[in-house]
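*Asks:* First the structure, then my questions, so here it is.
The values are calculated or read from the model by the stated rules, or taken from the named source; none is laboratory data. Keep in mind it's a predicted model, so treat the numbers as computed, not measured. Cβ placement follows ideal geometry from the backbone for every residue including glycine, while neighbour counts extend to all protein chains displayed.
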Amino acid sequence: MRKDGRKLDQMRDIKVDVEYLEYPAGSCLVTLGKTRVLCAVSVENHVPSFLLGQGRGWLTAEYSLLPCSTQERIQREANIGKLSGRTQEIRRFIGRSLRPIFDLSLVGEKTFIIDCDVIQADGGTRTAAVNGAFIALASAVNKMMANKEFSSYPILDFVAAVSVGIVNNEFVLDLSYEEDSSAEIDMNLVMTGRGKIIEVQATAEKVPVSRSEFDKLIELGSNGIRQIVELEKKLLGNIGN
């Protein structure tokens, strides 16, 4: 048993409040244990200059830790005047996680911007952000389809993300902050509902891992992702082809 009472292969409790905000095209509040991330989708009728005239859309993400989301207050990056390397990397991570399952050729010259704001952090903020971003995006697309803004449904599959790691020589699913900060290896895994891998972020913090250990982490993460996808299906119904 872990310090929070979970089994090694057990996810934290997940709760999703869909359409949490009134004004965005789609939104949700994701609660993963003590981690809480607010995700909201805005749609703009233009694309970046490198896509002008191609008839394709774009999807991008923004991510931030709110000042009181951690035990010590975090300075707003707007006051510092620049984004941290971590913030930039996680923004790209969220965007990379969603674009492979979003057919940008079907949405016209529109830009989908997904804001992911962490209001409380206890590990797994980037994976929770991916899950919330997908649910908010699907919610927005469902409404746009109902309004006949697209001729074909642009979301091709479900997407989910989860963290796994080796902590005190044990393989664990869905790391809390305390576990993540002491892990021998930590991994963030993003997969589709059909079980295809979109991204793997893995770092051996203390000692290298064997191929068999790596494969075991992938399998453990896959089990967690299947649970998240089942929740997404309950919230959103069947989507894609």
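*Asks:* Are there any strands (runs of 3 or more DSSP E) wholly within the range 126-192 with 1 or more residues that are over 13 Å from LEU32 (Cβ atoms) and charged (D, E, K, R), and if so which?
*Replies:* Output list reads 170-173, 185-192.
*Asks:* Being exposed (fewer than 15 other Cβ atoms within 10 Å of the Cβ) and not in a helix (DSSP H, G or I), is that true of even one residue in the range 213-226?
*Replies:* Looking through the range 213-226, none of the residues is exposed (fewer than 15 other Cβ atoms within 10 Å of the Cβ) and not in a helix (DSSP H, G or I).
*Asks:* How many residues, within the range 186-238, are at positive phi and at pLDDT 95 or above?
*Replies:* 1
*Asks:* Can you name every residue in the range 29-85 that is of a type in the set (D, E, K, R), surrounded by 11 or more Cβ atoms within 10 Å (Cβ to Cβ) and more than 14 Å from ASP122 (Cα to Cα)?
*Replies:* GLU44, ARG56, GLU62, ARG76, GLU77
*Asks:* Moving to a separate point now. State all residues of the range 55-71 that are in a loop (DSSP other than H, G, I, E, B), of a type in the set (S, T, N, Q) and either closer than 20 Å to ILE94 by Cα or modelled with pLDDT of 95 or more (or both); if no residue qualifies, say none.
*Replies:* SER69
*Asks:* Here's a follow-up. Across the range 137-161, what is the total count of residues that are of a type in the set (S, T, N, Q) and in contact (Cβ under 8 Å) with a residue 60 or more places away in the chain?
*Replies:* Residues flagged as of a type in the set (S, T, N, Q) and in contact (Cβ under 8 Å) with a residue 60 or more places away in the chain within the range 137-161 amount to 2.
*Asks:* Separate question: Restricting attention to the range 161-198, and to residues there that are under 30 Å from ASN238 (Cβ atoms) and loosely packed, with under 15 Cβ neighbours inside 10 Å, which single residue is nearest to the chain's Cα centre (by Cα)?
*Replies:* ILE197
*Asks:* So which residues in the range 1-16 are surrounded by 13 or more Cβ atoms within 10 Å (Cβ to Cβ) and of a type outside the set (Lys, Arg), if there are any at all?
*Replies:* ASP4, ASP9, GLN10, MET11, ILE14, VAL16
*Asks:* Hey, another quick one. Which of the residues that make up the range 175-199 are farther than 13 Å from VAL130 by Cβ and either of a type in the set (D, E, K, R) or in contact with a Phe, Trp or Tyr (Cβ under 9 Å, 6 or more places away or on another chain) (or both)?
*Replies:* GLU178, GLU179, ASP180, GLU184, ILE185, ASP186, MET187, GLY193, ARG194, LYS196
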